[in-house]
Amino acid sequence: MLPGSLDEAVAALDAVPAAVPVAGGTDLMPAINSGRLRPEALVGLGRVKEMRGWRYLEDGRALLGAGLTLARIGQPDFGALVPALAAAARTAGPPHVRNAATLGGNVVSAAPTADTLPVLVALEAEVTVAGSAGRRDVPVSHLLTGLDPLGPGEVLVCLRVPLLHAPQVYLKAQARTGPSRSAASVAVVLDPARRGVRCAVGGVAPVPLRPLDAEAWVASVIDWDGGRRIAREALAAFGDYVAAACVPEPAGAPRSEALAAERLRRTIAVLARRGLGRALA
Amino acid sequence: MTTTEETPAEGVPAQPGGAEEIDGLGASPMADTAMSKAMGTYPFATDLWAEGLLWGTLVRSPHPHARIVRINTESAFRLPGVQAVVTAADIPGDPLTGEPVADRPVLARDVVRHHGEPVAAVAADHPDTARLAAAAVEVEYELLEPVPDPERSFHAPPLHPDGNQVRHLPLRFGAPDDPAAVGEVVVEGLYRIGRQDPAPVGTEAGLAVPRPDGGVELHLSSTDPHGDRDRAAAFLGLEPERVRLVAAGVPGAVGEREDISLTAALGLLALRTGRPVKMAFSREDALLGHVHRHPAVLRYRHHADRDGRLIKVEGQLVLDGGPYADGSEETLATLVALAAGPYVVPHVRVDGWVMRTTNPPAGRLPGEGALQACFGYEAQMDKLAAKLGLDPVEMRARNVLATGDIMPTSQTVTCPAPVADLLKAVMAEPLPEVAADGGEELLPGGTGGAADLTQVRRGIGFAVGMVPLLGIEGADEVSTATVRVLPVYEDLEGAASGVECVVECAAVDTGSGFATLAAQIVRETLGVVRVRVTGADSDQPAAGPSARGRQVWVSGGAVERAAGMVRKQLLQPMADELGMSVELLSLRDDRVVSYDGRYARPIGELLGGRELWASAQYRPHPTEPLDENGQGDAFAGLAFAAMRAVVDVDVELGSVRVVEVAVAQDVGRALNPRQVRARIEAGVTLGVGAALMEDLRTDAGGRVVNASFGGYRVPTALDAPVVRVAALLEERDVVATFGAKGVGAVPAVVTPAAVAAAVRSATGRAVQRVPVRSADAVERRS
Ligand SMILES: Cc1cc2nc3c(=O)[nH]c(=O)nc-3n(C[C@H](O)[C@H](O)[C@H](O)COP(=O)(O)OP(=O)(O)OC[C@H]3O[C@@H](n4cnc5c(N)ncnc54)[C@H](O)[C@@H]3O)c2cc1C
C-alpha cells in the first residue's frame, strides 16, 4: 500500500491493525528479510505528502518532515540551520543507506546508537504523531523514554526543532574509520538567547541521556558577553562532569566491568570536552 | 636479482587476448570475470536455482557447551510446507568428519561444543517456512560448564573423547638448556591474538540436486572440490563416484571456504526429499559456523648479546583450537617452527599447544600460525632494540636470515631469502606527508568526526615476517591439468580459421587469479592468443584446495607441464620436416616461427583439423613431519616480506588509522604484476583487520556476542591504507613453478606486527594484543 496522504496512511493502518509502516526500509527490511519480523502488510510512507520536505515556522522553529532522508539532512543548507543534526545525519551509516534512511525511521526505531537522537534530545525537539484518534504533539524525549509512546496505528508525521543561530556539535566515537555504529556520542548545542548549553549523550543507554546539572553548571561559567570564553579547566571539568553523570560507578561489579565503565567515561569526557570546546571556539 | 618499481596501473593492457597482444608471463591481463564481477552480473553460488527446489536451514545450538538430552522434530515436521527434518540419527554414513583428524560431528549427536554448532537441518518449500521449522525443532539441553580459556583447558574435564590437547609440539634447537646459552640482555613478553573471521563477502551457499542413480550433485562455492566431495560422500554413505561436486562462483575465499555442515546437510536433505535443496547462510550462520583464525596466547623470552645478536629464543605458545581439530595441527607446526621469525638464532626452546575450547571453531586462514608468531617475535625484537638502545631496523638487520642459513627446525633455507634487502627497500621509501589532506574522514575516528588534530600522534613501525608455501609436514601436494589445442571454425563450412586452447584443471579460482595465470602460462608456452580455462568439478582429476598459496605452484606446474607436452606434439612434425630441433622453433601469435624467421606457419594449419592434448601431473618435492624435538624439513618453500606501517592515533580516544603501509616482498617472479599488487593490497587489508578491529568475541558464558557485520567490524575502504609497494624482489625460487612464490599470505602475516609497532611508537603503550583496543592506544595521563 502506498498512500498519498496522511489520512490515507492512517486509514490504511487502522484497517489492518497488523500492518507496519515502512519509510526507507533500512531498519525494517533487514529484519523482514532475515525472518525476525513477519508483518502481515506494509504501508509505504514514501508518498505521504505531509511527511515530505521542511519549512520555517513562525515561532522561530523549523518543521522537518519525518520522510526527510538522512542524506538530505546532511546537506550544507541544513548544516547552516541545525548544524548538529546535519553532522549526526552525515555520520549515520554509509552513503547508500543514508540515501534511503529517514529521520522519522531513525526516531521510531530508536536504536541506542541512533545518531540523530542525541541531537534531537539536546534540541528538545517536539514530534507530531497522528492516528485515527487525531494528532498530538509530544516532546521527543517523552516518545523515546516511553512516557508517551507511539500508539498502535500511529505514525510520526513531522518534527519541530528550534533554530538557535549558534554553534552546535555532534561527535561520535567509533571503532573504525569507515561508517559504523557509535561507541558513544555527544551532542552539544548552544542557546545564546537563553544563555544555555544543552548536551545529550548517545550510545551508552537505551535512550540519550541529558546531564542537566553539568549543563547548568557550565552555562554559569561561560562568559556569554565576552565572546563566549571559557577557562580550559572548566572545559575539562565539564567533560568529566558529563561522563560521571552518564556512566555510573558500577558498585561491586567485577573488575572487567569497572574497567569498561572507566574507559567509557573517559571517552565521553573527551567527546563532551571537545564538543563544547568546538562550539565555543 | 631485479627490483621492480611500483607497477603503474596505466600502460597495462586492459583486456586479455587483444588481437596482437600475447599476454604471457610478466604481463598483467585482467581476469576474465573482472568485468562481470564489477557489474554485478557474475553468478555466485547464492544465485543458483533449480526447478522445484526446497530451502534448507540449520538448527544451531544456542549454548557453547551442553549435553543433548532429547531432540523432538515432530512439531517442526508437522508445519505445512516442511519436507524434511534431519538430525544426527539420520546420518547414513560416517557421522564424524575433519581433516586430518575426523573428530567433528557434522550434526551434533550427544554434546554440543560451541555456540552455533549444528544439531539438525530442515528443508521446506519456502525459506521463511524453513526458518520457522528450525525454530520449532525442540532440543532439550543439559548445560555443561563452558571452557572458553585455552589455558584453563589443560586442567578442565575432557571436552571431547580425544581429550583436550589436540597437539603438543616441542622444539629444541642448539643447546637451549646449556647454562652458557643465555644473553646479556633478556626481554619477556605476553601477547594475545584475537579471533579473526574469514568474512568472505558472500556467505556459504549451495544447491544439491539428487541424481537418478541415488547419488547427488552438489553445486557449491567450494575451494576444494575433491576434498568436499569426499567428505560429503563419507557422511552420506555413498561411493565418491556417486557424488559430483561442481564449483560454483566463489564470492571471496580466505583460506578454505566450505563449511562441511552446509555441504553435508544439503546432500542429506536432497537425498531425503528427492528434490533439489538450496541453502544460503545468513551472516550470523557464517560467523558462528565456519572456522576462524586461532586465537593465541604467546609467552616469549628473548636473549641477545650486547651487540644485539640473538642468543636464544624461548616460548610457550598456546592456541585456542575451538572444539575440533580441523587445521590446528598444521597451524601449530607453523607457529612453532616460525616462532623465532626470519632470524638466525643459535638456541631455541619453544613449546606449542593447541587446546580444545568451547569457542568458535578454528582453522586455516591466510598465514595461519605465521601471523600469530610474527606479532609475538616482532614485538620482542622491538623490546630488545629498545633495551639495547639500537634502532629497530638495525636490530633486525643484525640477525636476519639469508639463503643457506639454518632454521630452528634444522631445515636449511635453500630458497631465496632476501630479508636484508627487503628491509633496506622499505627503509628507503619516502614517508607520507603529515598533512591531513584527505579531510576529516581520513583522521583517526574517521566519519565520526571526533578527532582533534592537536591530539593526533603519528607512529611508525617496522616488521619482517615469513610464511611457508604449500602444505607442510609431508602433506601430499599434487595436481593434474589437461591442455588442449583445437582448431576453431568460425562458420560451419569453412576451414579452420584459428586455434584455441582449453585448460582443464580442478583448481578453483577463488578470485585470487589462478585462471588468469593459467591462461598466461599457456599463452607463454603455446603462443595461442585464445585461451579458455574451464570450470572446476570433481570429475576432473584432483587439484587440491585453493589455499596456502599452492595453486600457482602446484596446479600452475601441472598446466605448464601439460602445455609443454602439447608444444612438443605440435612442433615435432615440423621440426622433423625442417630438420631442426624443436628448440629452434618458437610459437607466438598463433603461429610457429623458426629461429631465423624463414619458416612461419599458422598453428591451425599444423593441426590439420586435429585436436592435440596432454594431461600432466605435478608434485613438488616432498616434505617431512617435524619430529619430537620439532626438527625436520617440513616446508617446501618460504616467502618473506618487510613492512613499514605509518599510523595516526588520537591518543585521547585511542582511535587508530593506518595511513600507509610500505611493503617489500620476495615474490620469486611476478607472473602478473597487477595481480601481485592486488594480492598484496588484499593481504594488507586482511592484516589491518586483524590488527585493529576483527575479533569474534565471546561473553563470560562462552556465547558469541558479535555475530553480525554490525558488531564484527571489517575494514571499509576508509580503513584500508595506502599500500606502497617499495619493492617486489624477483629472485626466482628454482624449485617453484616459474620461480614464483605465493604472494597473498605474507602481507597479511606481517601487517599486524607492523601496525602494532607503529601504535607503540605513537602512544608509548605496550600494545600486547591484537586487535588493538582503543583503551590500549590511549596515552597514559601524566
Ligand atoms: C548498514 C547500515 C548502517 C547503519 N548505520 C547507522 C548509523 O550509524 N547510525 C544510525 O543512527 N542508524 C544507522 N542505521 C539505521 C537506519 O539507517 C536508521 O535507523 C534509519 O534512519 C531508519 O529509517 P528508515 O526510513 O529506513 O526506517 P524503516 O526501516 O522504514 O522503519 C524503521 C521503523 O520505523 C517505523 N517507521 C518508519 N517511519 C515511520 C513513521 N513516519 N511513523 C511511524 N513509524 C515509522 C517502521 O515501521 C519501522 O518499525 C544503519 C542501517 C544500516 C542498514
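In this rough spin-label picture, where each label sits 7 Å from Cα along the Cβ direction, the B:Leu453-B:Phe154 distance is 5.2 nm. The residues of the range B:625-665 occluded by other protein chains by 50 Å² or more of accessible area, set against the chain on its own, are B:Glu652, B:Leu653; surface from heavy atoms, 1.4 Å probe. Extending 7 Å from Cα along the Cβ direction at B:Ala89 and again at B:Glu624 yields two label points whose distance is 5.2 nm.
Please report, as a whole percent, how much of the solvent-accessible surface of the protein assembly as shown comes from carbon and sulfur atoms (probe radius 1.4 Å). If you can, show how the numbers build up before the last one.
Values: 21160 of 40720 Å².
It is 52 percent, rounded to a whole number.
How big is the antiparallel share of DSSP beta bridges in chain B, given as a percent to the nearest 5? Write out the running numbers ahead of the final one.
On the way: 108 of 137 bridges.
Counting DSSP beta bridges with both partners in chain B, the antiparallel share is about 80 percent.
Let me know the mean shielding of A:177-190 by other chains, meaning the per-residue number of their Cβ atoms within 10 Å of its Cβ.
Mean shielding count: 5.
A DSSP coil position with no more than 14 other Cβ atoms inside 10 Å describes the following trypsin sites (Lys or Arg not before Pro) in the range B:586-618: B:Arg598, B:Arg610.
Per residue, how large is the accessible surface of the protein assembly as shown? Use a 1.4 angstrom probe and give square angstrom. List each step's numbers first, then the result.
Details: 40720 Å² over 1063 residues.
Averaged over the residues of the protein assembly as shown, the accessible area is 38 Å².
Helix content alone sets the calculated 222 nm mean residue ellipticity of the protein assembly as shown: runs of n ≥ 4 DSSP H residues at -39500 (n - 2.57) each, divided across all residues, give -8000 deg cm²/dmol.
Please compute how much accessible surface disappears when A pairs with B, both sides summed, using a 1.4 Å probe, and round it to the nearest 100 Å².
Values: alone 13470 and 29470 Å², together 40720 Å².
Approximately 2200 Å², summed over both chains.
Overall, the anisotropy analysis places the protein assembly as shown in the prolate class: the square-rooted eigenvalues a ≥ b ≥ c of its C-alpha gyration tensor yield a/c not less than 1.5, with a/b exceeding b/c. With a ≥ b ≥ c the root eigenvalues of the C-alpha gyration tensor of the range A:1-44, is it rounded (a/c under 1.5), prolate (a/b larger than b/c) or oblate? It is oblate, given that a/c is not under 1.5 and a/b is not larger than b/c. Exposed loop sites were defined as GluC sites (Glu not before Pro) in DSSP loop states (anything but H, G, I, E or B) carrying at most 15 other C-beta atoms within 10 Å; in chain A the longest segment without such a site runs A:59-281. Restricting the chymotrypsin sites (Phe, Trp or Tyr not before Pro) of the range B:24-125 to loop positions (DSSP other than H, G, I, E, B) with no more than 14 neighbouring Cβ atoms within 10 Å leaves B:Trp49.
I'd like the antiparallel share, as a percent to the nearest 5, of DSSP beta bridges with both residues in the protein assembly as shown. The partial results should precede the final answer.
Values: 143 of 177 bridges.
Taking every DSSP beta bridge within the protein assembly as shown, about 80 percent pair in antiparallel fashion.
Judged by the gyration tensor of its Cα atoms, with axes a ≥ b ≥ c, chain B is oblate; a/c meets the 1.5 cut and b/c is at least as large as a/b.
Using a Förster radius of 56 Å, what is the FRET efficiency between B:Glu490 and A:Ala31 based on their Cβ-Cβ separation? Nearest 0.05, please.
Details: r = 55 Å, r/R0 = 0.97.
The pair B:Glu490/A:Ala31 has a calculated efficiency of 0.55.
For peptide B:449-459, compute the average count of partner chain beta-carbon atoms within 10 Å of each residue's beta-carbon.
Working: counts 12, 17, 3, 6, 0, 0, 2, 0, 0, 0, 0.
Partner-chain Cβ atoms within 10 Å, mean over residues of B:449-459: 4.
The listed residues A:Ser180, B:Ser615 rank as B:Ser615, A:Ser180 when sorted by accessible area, largest first, using a 1.4 Å probe. Between the range B:419-434 and the range A:81-141, what is the separation of their alpha carbon centroids in Å? That distance is 49 Å.
For the pair the range B:614-685 / the range B:725-782, the C-alpha centres are spaced 10 Å from each other. The heavy atoms of A:Ile268 offer some 0 square angstrom of accessible surface to a 1.4 angstrom probe.
Long hydrophobic helices in chain B, taken as whole DSSP H segments with a C-alpha length of 24 Å or more on their own axis and mean Kyte-Doolittle hydropathy at least 0.0: B:370-388, B:673-692, B:745-763. Ranked by the mean number of other Cβ atoms within 10 Å per residue, highest first, peptides B:163-176, A:127-140, A:106-119, B:568-581 order as A:106-119, B:163-176, A:127-140, B:568-581. Peptide A:28-37 has a mean shielding of 2, counted as Cβ atoms of other protein chains within 10 Å of each residue's Cβ. Listed by number, the DSSP H helices of chain A that run 18 Å or longer by alpha-carbon position along their axis and have mean Kyte hydropathy of at least -1.0 are A:232-246, A:255-280.
The values are calculated or read from the model by the stated rules, or taken from the named source; none is laboratory data. All of these numbers come straight from a predicted model, not from anything done at the bench. For neighbour counting, all protein chains shown are included, and Cβ atoms are generated from backbone atoms with ideal geometry for every residue, glycine included. Side chains are part of the model used for accessible areas, which takes the heavy atoms of the whole protein and leaves out ligands, DNA and RNA. Shrake-Rupley method; radii C 1.70, N 1.55, O 1.52, S 1.80 Å.
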